[in-house]
Amino acid sequence: RRFKIYVYIVKHDQVVAAVDAENSGLADAILVDAHAAEMSELAQWINDAGTHVVIDCNGQTGRESLPALAMRPAALHVHYLGFPSTIGASYIDHIIGDPIVSPPELVGYYTEKLLLLPTTFQVTSHKTRQSHPFADGRTSPLPPMRTVGYVEGEEDLRLYHGFPAAGPTLCNWNQHFKLDPEFFGVWARIIKQVPNSTLIMLRYPEESEPHLRYAARQMGLTGDQLRFLPKASLTEHLQRTSFCDLFLDNREYNSGTTCTDSLWAGVPTITMPRMKHAGRHAVSMIRAVGG
């Protein structure tokens, strides 16, 4: 049976992303630009369409659609993916999870009924990666491999991306608000104990970089043992991630998309699951790929 799908775009960056609808898997959906709509207007649109099920993918993340859903525009309201916890609202009926990220012992912390996928809740695809070519026209994430285990021009590519030419490279690509001081200290101790190793992080946001550099110096890191790289195109980011030896996950607020990027790039990922939804993302995805 076919479904009629409406996609209500409530964030400006989602409007930009939806321009490439076919590569985004939205070719058969009806896209509605709602980023400037009043919440009462959005609720009316949803209701007028005769919607049976609304799947909210934003949650409490800023420009959310929750005020519209509070008006009960559809028969069933489901939350998926966007907010890593219960929404805590009576007008959200279900939340999509899995047995790892939403184990039975945590059911009492959800106001929603759980809908559990069998492996991992984070369904993902990197088909759209190939729609973001490099400046030289290549669309492959890596140049041709000459022999197994050696990528032609790898050293030049490492330097181009801001990596050291050699030595173990550990990375974390998350926004800095997800970090906690104690675990950052654990990473610093690892770098100090592994010869010629480097910790690479994303410069996101730029304002916190000097503070993290200061903390790293206080913990004994010197020179280029801690490096920050700018945000990059999707394809370039996947390529530079492939040069990392280990992805270090956050403890309290796990990686989401950044974890899937690392797994797609073939990089081993280490995490420490906690007893909350936000602290169990990575182990869910690692288990799904056989970890």
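Does V283 meet the test of being farther than 30 Å from E154 by Cβ and among the aliphatic types (A, V, I, L, M)? Break it down into steps so the answer makes sense when it comes.
Working: farther than 30 Å from E154 by Cβ: yes; among the aliphatic types (A, V, I, L, M): yes.
Yes: the conditions hold for V283.
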Among what's in segment 1-30 and is out of contact with any strand residue (DSSP E or B) (no Cβ under 6 Å at 6 or more places or on another chain) and open to solvent by less than 40 Å² (accessible area, probe 1.4 Å), pick the residue that is modelled with the lowest pLDDT. A21
Taking the condition of being open to solvent by 40 Å² or more (accessible area, probe 1.4 Å) and in contact with a Leu (Cβ under 8 Å, 6 or more places away or on another chain), how many residues in segment 243-263 meet it? 2
Residues of segment 238-266 satisfying the condition of being assigned to a loop (DSSP other than H, G, I, E, B), under 20 Å from F183 (Cα atoms) and in contact with a helix residue (DSSP H, G or I) (Cβ under 9 Å, 6 or more places away or on another chain): C244, D249, N250, R251, E252, Y253, N254, S255, G256
Would you confirm whether or not segment 185-196 contains a residue that is surrounded by fewer than 18 Cβ atoms within 10 Å (Cβ to Cβ), small (G, A, S) and not in a helix (DSSP H, G or I)? no
Yes or no: A232 surrounded by 12 or more Cβ atoms within 10 Å (Cβ to Cβ), among the small types (G, A, S) and not in a loop (DSSP other than H, G, I, E, B)? no
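Take the conditions within 22 Å of S242 (Cβ to Cβ), at pLDDT 95 or above, under 18 Å from the mean Cα position of the chain (by Cα) and open to solvent by less than 40 Å² (accessible area, probe 1.4 Å) and apply them to T169. Does it pass?
Values: within 22 Å of S242 (Cβ to Cβ): yes; at pLDDT 95 or above: yes; under 18 Å from the mean Cα position of the chain (by Cα): no; open to solvent by less than 40 Å² (accessible area, probe 1.4 Å): yes.
For T169, the condition - within 22 Å of S242 (Cβ to Cβ), at pLDDT 95 or above, under 18 Å from the mean Cα position of the chain (by Cα) and open to solvent by less than 40 Å² (accessible area, probe 1.4 Å) - is not met.
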Could you list all residues from segment 45-85 that are open to solvent by 30 Å² or more (accessible area, probe 1.4 Å), within 15 Å of L115 (Cβ to Cβ) and over 17 Å from the mean Cα position of the chain (by Cα)? V53, I55, L76
Identify all residues within segment 217-237 that are out of contact with any helix residue (DSSP H, G or I) (no Cβ under 6 Å at 6 or more places or on another chain) and not small (G, A, S); write none if there are none. R217, Q218, T222, D224, R227, L229, P230, K231, E236, H237
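What's the total number of residues in segment 104-163 that are open to solvent by less than 80 Å² (accessible area, probe 1.4 Å) and either at pLDDT below 65 or part of a loop (DSSP other than H, G, I, E, B) (or both)? Quick ask: steps written out before the conclusion?
Kept after step one, since they are open to solvent by less than 80 Å² (accessible area, probe 1.4 Å), are these residues of segment 104-163: 106-108, 110, 112, 114-115, 117, 120-122, 124-126, 128-129, 131-134, 137-143, 149, 151, 153-154, 157-158, 161-163.
With either at pLDDT below 65 or part of a loop (DSSP other than H, G, I, E, B) (or both) added as a condition, the list becomes 110, 112, 117, 120-122, 124-126, 128-129, 131-134, 137-143, 149, 151, 153, 161-163.
Total satisfying the criteria: 28.
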Please find, among T269, T222, T198, T235, the residue that is closer than 30 Å to S102 by Cβ and hydroxyl-bearing (S, T, Y). T269
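Among the residues of segment 92-103, how many are of a type in the set (A, V, I, L, M) and assigned to a loop (DSSP other than H, G, I, E, B)? Even if it seems obvious, please write down each step before you answer.
Kept after step one, since they are of a type in the set (A, V, I, L, M), are these residues of segment 92-103: 92, 95-96, 100-101.
Filter again for assigned to a loop (DSSP other than H, G, I, E, B), leaving 92, 100-101.
Count: 3.
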Is there any pair linking a residue in segment 209-226 that is hydroxyl-bearing (S, T, Y) to one that is open to solvent by less than 70 Å² (accessible area, probe 1.4 Å) and part of a helix (DSSP H, G or I), with Cβ under 9 Å and at least six apart or on different chains, and which? T222/A216
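Taking segment 264-278 only, how many residues are of a type in the set (A, V, I, L, M, F, W, C), farther than 19 Å from I190 by Cα and open to solvent by 50 Å² or more (accessible area, probe 1.4 Å)?
Looking only at segment 264-278, we keep the residues that are of a type in the set (A, V, I, L, M, F, W, C), and these are 264-265, 267, 270, 272, 275, 278.
Narrowing further to those that are farther than 19 Å from I190 by Cα: 264-265, 275, 278.
So of that shortlist, the ones also open to solvent by 50 Å² or more (accessible area, probe 1.4 Å) come out as 264, 275.
Count: 2.
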Residue within segment 279-289 that is within 16 Å of the chain's Cα centre (by Cα), farther than 21 Å from P164 by Cα, outside any helix (DSSP H, G or I) and not β-branched (V, I, T) present: yes
Filter segment 86-103 for residues that are under 15 Å from P273 (Cβ atoms) and surrounded by fewer than 17 Cβ atoms within 10 Å (Cβ to Cβ); which is modelled with the highest pLDDT? P99
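The values are calculated or read from the model by the stated rules, or taken from the named source; none is laboratory data. On a predicted model such as this, the values are computed, not experimentally measured, just so you know. In this analysis, Cβ positions are derived from the backbone assuming ideal geometry, glycine residues included, and neighbour counts consider all displayed protein chains. The accessibility values were calculated without ligands, DNA or RNA, using every heavy atom of the protein model including side chains. Shrake-Rupley method; radii C 1.70, N 1.55, O 1.52, S 1.80 Å.
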